[in-house]
Amino acid sequence: MAENKKALPKGRRPAPAPGKRYFLATMDEVLIKDLKVAAIEEDKSASECLEKATREWLARRQPKAREKTKKD
């Protein structure tokens, strides 16, 4: 049978996992749809895919940021 969980008040989300925070961003609607489909195909959440993509982008960007700092 279904568990007896206490319902959240309407419009309230559960707290994020420890070490996580909510982040709201506006993106192209087709990009969002493609992200969700790809996440399902990978058996991951869209949040996991976004987090991985962001980490990879920041890792690639790091050397450029350091070069700019050295020139200043």
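Taking region 10-33 as the range and being more than 16 Å from L50 (Cα to Cα) and either touching a residue at least 12 places away in the same chain (Cβ under 8 Å) or among the charged types (D, E, K, R) (or both) as the test, the residues that pass are K10, R12, R13.
A search for C-beta distances below 8 Å between a residue of region 34-48 that is within 17 Å of F23 (Cβ to Cβ) and any residue that is surrounded by 11 or more Cβ atoms within 10 Å (Cβ to Cβ) and among the polar types (S, T, N, Q), counting only pairs 6+ apart in sequence or on different chains, returns A39/S45. What's the total number of residues in region 29-49 that are surrounded by 11 or more Cβ atoms within 10 Å (Cβ to Cβ) and in a loop (DSSP other than H, G, I, E, B)? Result for region 29-49: 3.
Read-outs throughout are calculated quantities, based only on the coordinates presented, and are distinct from any laboratory measurement. Predicted, not measured: the structure shown is a model, and the values here were computed from it. Methodologically, a virtual Cβ is constructed for each residue, glycine included, from the backbone with ideal geometry; neighbour enumeration extends over all protein chains shown.
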